[in-house]
Every structure is written in structure tokens, then in C-alpha cells.
Amino acid sequence: MYSLTKKEIEAMLIERHTKPVYEKLQKAKVAIAGLGGLGSHIAVALVRMGVGHLYLVDFDKVDSSNLNRQYYRSCHIGVYKTKALKEELKEINPWVDVQTNCIRVTEQNAVELFKEYPIVCEAFDRPAEKAMLINTLLFQIPSIQIVGASGMAGYKDANQIRTEKVMNRFYLCGDQKNGIETGDCLMAPRVMICAGHQANKVLQLLLQEEDNE
């Protein structure tokens with residue numbers, strides 16, 4: 001099996017992104033809280049873009065019910081998501097720095113877990129956990145930027161999924177109404193589209209191309 005060298009990957013990314021963009025992304029540090037349908041696809045997108053340092057946080061193992069929308073394979077069933085996803089990311093780019101923490105995020109440990117990361121992607125399933133993480137980090141870490149998600153369930157019009165600046169340092173992706181709590185099913189297309197929105201907003205923030213919507 002052929003394995004790309006670090007120089008080959010660098011050359012490819014520089015050719016596509018330009019050297020200044022590549023260098024900015026290589027230095028970037030991004031954390032992802034939750035490695036399900038959103039978080040796993042966000043991580044893959046960021047690695048493909050050339051983000052140099054990722055921090056993956058989740059306490060769960062891969063289950064067969066995850067395979068309809070998450071970036072895992074049947075061989076990962078029973079494996080911790082942090083371990084499985086790190087292995088997949090290393091297959092894409094062996095040279096990316098991937099740190100993991102197999103732990104449940106709580107109000108008590110959130111600040112300690114994420115204080116070293118300027119951008120955090122909130123990728124939890126439950127509204128209460130989403131609110132806890134966003135509120136805790138925004139109010140206790142003055143410099144942090146959060147890219148969250150709400151409303152990607154079902155199979156309604158994908159164009160309803162959008163990215164909005166909710167408040168200073170907080171961006172929200174999704175349609176903000178079709179969530180799992182409404183009883184709608186979670187399917188890969190809208191979940192992946194929402195994850196793509198989150199990854200794209202991270203890219204804008206890293207390259208300082210934030211708009212003021």
C-alpha cells in the first residue's frame with residue numbers, strides 16, 4: 001500500500017490552497033466536542049483542509065446504530081470513537097497532530113478540557129449538553145470561539161441549513177428547528193451538510209475571513 005510522505009502532502013495542499021493559507025492552517029488548533037454524525041465529519045473535513053492540530057473529545061464507543069450517519073465502519077463497532085476516528089484521520093494524513101480525550105464533558109470539567117483551544121466545535125446530540133458547553137465556555141473563556149449546531153434532523157430541504165452569527169464568538173449551523181428532540185430521524189445527508197457548514201465556518205475563522213452577518 002502506497003503511503004504519501006509529509007513533503008508530498010505539503011506540496012499537494014500548498015498547490016491547492018497557496019502557501020500562506022497552508023501555513024496558517026498548519027498552525028491552527030481546533031477542538032471538537034462530540035464525535036458523532038457532526039463531529040466525525042467535521043474532523044475529516046478539517047484534516048483534508050490541512051488543519052495541523054485537532055483535539056477530539058468523546059466518551060462513547062461506536063455502535064451499529066451510528067453507521068447510518070457517522071464516519072465509522074463496521075470494523076469500529078465496540079471501539080471508542082476517539083480511537084476509531086484518530087485511526088481514520090491518520091489514514092488521510094499521517095502527519096496531522098491528533099490529540100484525544102475519552103471523557104464525558106461536564107460543566108465542571110469543560111473549561112479545563114478546552115482552555116488551550118481557540119476554536120471549539122460543539123457537536124453534541126442533546127440540547128441540554130449543547131447549552132451547557134456553549135454557555136460554560138463563552139462565559140468562562142473570554143477569547144474562545146464556538147461553532148455549534150442545531151437542527152439537521154429529517155430529510156427536509158437541505159437549503160434550510162445555514163450558518164448564523166448568534167452573538168460575539170458564537171456561530172450556529174443548522175435550520176434551528178428540525179432536531180432529534182422533534183422526533184425526526186437523523187440521516188446522513190442533512191447531518192453531513194450541517195457538519196460541512198461548521199467546518200467551513202472554522203475555516204473562515206482561522207483565515208480571518210469572518211463576515212459580520
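Each row is one residue, and each column tells you yes or no for (1) under 30 Å from ARG126 (Cα atoms); (2) in contact with a Leu (Cβ under 9 Å, 6 or more places away or on another chain); (3) basic (Lys, Arg); (4) modelled with pLDDT of 95 or more.
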{"site": "LYS7", "(1), (2), (3), (4)": "no, no, yes, yes"}
{"site": "VAL47", "(1), (2), (3), (4)": "yes, yes, no, yes"}
{"site": "TYR55", "(1), (2), (3), (4)": "yes, yes, no, yes"}
{"site": "ARG69", "(1), (2), (3), (4)": "yes, yes, yes, yes"}
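With respect to ILE9, determine if the residue is part of a helix (DSSP H, G or I), in contact (Cβ under 8 Å) with a residue 12 or more places away in the chain, over 26 Å from ALA110 (Cα atoms) and open to solvent by less than 70 Å² (accessible area, probe 1.4 Å).
Against the criterion (part of a helix (DSSP H, G or I), in contact (Cβ under 8 Å) with a residue 12 or more places away in the chain, over 26 Å from ALA110 (Cα atoms) and open to solvent by less than 70 Å² (accessible area, probe 1.4 Å)), ILE9 qualifies.
Give LEU113, LEU56, LEU35 a once-over and let me know the one that is of a type in the set (A, V, I, L, M) and part of a helix (DSSP H, G or I).
Testing whether each residue is of a type in the set (A, V, I, L, M) and part of a helix (DSSP H, G or I) leaves just LEU113.
Within segment 12-32, restricting attention to residues that are in a helix (DSSP H, G or I) and in contact with a Phe, Trp or Tyr (Cβ under 7 Å, 6 or more places away or on another chain), which residue is surrounded by the fewest Cβ atoms within 10 Å (Cβ to Cβ)?
So, considering only residues that are in a helix (DSSP H, G or I) and in contact with a Phe, Trp or Tyr (Cβ under 7 Å, 6 or more places away or on another chain), the one surrounded by the fewest Cβ atoms within 10 Å (Cβ to Cβ) is ILE14.
Scan segment 98-111 and tell me whether some residue there is over 20 Å from PHE170 (Cβ atoms), surrounded by 16 or more Cβ atoms within 10 Å (Cβ to Cβ) and in contact with a Gly (Cβ under 9 Å, 6 or more places away or on another chain).
No: segment 98-111 contains no residue that is over 20 Å from PHE170 (Cβ atoms), surrounded by 16 or more Cβ atoms within 10 Å (Cβ to Cβ) and in contact with a Gly (Cβ under 9 Å, 6 or more places away or on another chain).
The values are calculated or read from the model by the stated rules, or taken from the named source; none is laboratory data. These numbers come from a predicted model, not from an experiment. Backbone-built Cβ (ideal geometry, glycine too); neighbour counts: all protein chains shown. Side chains included, ligands, DNA and RNA excluded: accessible areas come from the protein's heavy atoms. Shrake-Rupley method; radii C 1.70, N 1.55, O 1.52, S 1.80 Å.
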